[in-house]
1. So how many Lys-Lys pairs in the stretch 176-388 land under 26 Å Cα to Cα, not counting same-chain pairs under 8 apart?
2. Can you give the charge dipole size of the stretch 251-330 about its Cα centre, rounded to the nearest 20 debye, using +1 on the beta carbon of Lys and Arg and -1 on the beta carbon of Asp and Glu?
3. Would you kindly work out the equivalent ellipsoid of the stretch 80-160 from its C-alpha gyration tensor and give its semi-axes, the square roots of five times the eigenvalues, largest first in whole Å?
4. Quick one: putting +1 on the C-beta of Lys and Arg, -1 on the C-beta of Asp and Glu, what dipole do you get for the stretch 176-388 around its Cα centre, in Debye to the nearest 20?
5. Explain nothing, just compute: Karplus ³J(HN,Hα) = 6.51 cos²θ - 1.76 cosθ + 1.60, θ = phi - 60°, for every residue of the stretch 179-190 in order, whole Hz, x for Gly and Pro.
6. Rounding to the nearest 20 debye, state how big the charge dipole of the stretch 80-160 is about its Cα centre with +1 on each Lys and Arg Cβ and -1 on each Asp and Glu Cβ.
7. Between residue 316 and residue 366, what FRET efficiency comes out of the Förster formula 1/(1 + (r/R0)^6) with R0 = 30 Å and r the beta carbon distance, rounded to 0.05?
8. Quick check: from the Cα gyration tensor, does the stretch 184-243 come out rounded (a/c under 1.5), prolate or oblate?
Amino acid sequence: MSGRKAIINMIGNSEFSRPNTVWILALVLLTCCAIAGAQMAPTQRDTLAGETLSLTPAPSTPGSSEQKAEDQGAQPSNPGSVIGTVLDQSGAVSVGTLIRLTPEDKTAYREVISGDNGQFSFSSVPPGHFQLSVSSTGFGRELYSGDLAPGQTFLAPPIVLSVATVVTQVTAIVDPVEVATEQIREQEHQRVLGFIPNFYVSYLPDAAPLTTKLKFQLAWKSTTDPISIAGVAFLAGLQQAGDQYSEFGQGAQGYAKRFGAAYGGVLASTLLSGAVFPSLLKQDPRYFYRGTGGTKKRILYAISNSVWCKGDNGRWQVNYSNMAGIVSGAALVSTYYPSNNQGMNILQNSLIRMGESSLAGIVQEFILRKLTKVSHRQESSVTSEQTVSIDPPSRP
C-alpha cells in the first residue's frame, strides 16, 4: 500500500505536468502489473498441480459407462435358430420323423418331430457347432453338422432319408429224413465197374441216419438187383458142377434147389443184418469209407467193420446187428441145406460170414472205391477229406 500511495503523491506533484508525464505513468502501470503477476503465479501453479493430481482414475461408480460395458460382455451371446426339411428317397416330405439336435459340448440334446410339410425348427439354440440326427421307422439314421453364428437363423439343406439295410438271418431247417432219402438214392446208383451193385457203402462220413423204411428199402434193392440174382445163379451153377450138396441131385431140379438155398441165404442174411436188427437196435448197416490215414489204421478199421458200426445217434458202438443177423441167417439157411450136424454147421457158416464181412471191408477200403463211380457230391466230400486228412471218429 505504501508503494501505491507514493505513486499517487508523485502524480499530485507539479513536476509530472511536463510533456513526458504520460510515458512515465505508463511505465509505472506496467511495473505494477508485473509485480501483481509475480504474486499471482504461485497460486496458479498450485491450481495446475491440483488438477494434475486429479487425473488419477477414481473408482468407477455402479452407474459408470465402463461398468455397463463389462456387464454387457458378461451376458451370454445371442442364441439363434435352426430350421430344415426332411425328405424321403422319392423327394416327398417325410412326416413324423424324429430330429435330434446336439450342441458341440453334448451336455444336452433337444428333439422335435417333423410336421405335415416335413419341416422342423429349433429355437433358442446357442451359437457354435451342432449336429442333427434324423431317424424314422424303415429308414437309416442320417447325420448333419453345422455351425450357428450368434443370432443367426440357420437353414439346413434338405435331409434325404435312405432306406435302412435289413439283415435277415435265415435258419434253414432241413428234414434229416429227406437228406437220408436223397443220400440213399445216390447210393443206389453206386456200381463197381458200372454194373456190380455197391449199395452198402457210404462215402459221406457224416451221412444222415437211415430210417427203418430206408433200411428195408436198401436191403430189398440189394437182394432184388438183377446182378445180385445173376451172381447167386452163377454160384448155384458152380455148386451143381462140383456136385456140392449131392443130396440135391442133378438136373434142373437139383440146380433149382441149389439156387433156392443160395438165394434164400443171401436174402435172409441181407434182410436180417441190413434191415431187421439195425432197425431194432438203431444201428447203421452201411460201411463208412475212411480213405485216410496209414495203411495199418485203414486195415484195422476195415476188419473191425464186422464187429463195430455207427449208431443212428452218430456214435460208434458194437455191431450187434451184424453179428445177430449173421447167426440168425446161418440158422435159417441150415434148414435148407442137408446136414448131419446143424449146430456145427450154423457155427461154421457164422464164422465164415464174419470173415467175409471183414474181408469185404478191406476190399471196400482199398479196391472198390477206385472202381466205383459215385455222385459229384460224394466225390467232393471224399476229395476234401483226403486233402485235409480228417479222420472219422476213432474205432478200436
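Readers should treat all values here as calculations from the given coordinates under stated rules, not as data from a laboratory. As the structure is a prediction and not an experimental result, all values here were calculated from the model. As a convention, Cβ positions derive from the backbone with ideal geometry for all residues, glycine included, and neighbour counts pool all protein chains shown.
1. 22
2. Working: 10 positive and 2 negative charges, 64 e Å.
The dipole of the stretch 251-330 has a size of about 300 debye.
3. Details: eigenvalues 91, 33, 21 Å².
Largest first, the stretch 80-160 gives 21, 13, 10 Å.
4. On the way: 20 positive and 14 negative charges, 63 e Å.
Using only the charged Cβ atoms, the result is roughly 300 debye.
5. Running phi through 6.51 cos²θ - 1.76 cosθ + 1.60 with θ = phi - 60° gives 5, 4, 4, 5, 5, 5, 4, 6, 5, 5, 9, 7 Hz.
6. Numbers: 4 positive and 7 negative charges, 20 e Å.
My answer is approximately 100 debye.
7. Numbers: r = 21 Å, r/R0 = 0.70.
Plugging the Cβ-Cβ distance into 1/(1 + (r/R0)^6) gives 0.90.
8. Details: a/c = 3.16, a/b = 2.18, b/c = 1.45.
It is prolate, given that a/c is not under 1.5 and a/b is the larger ratio.
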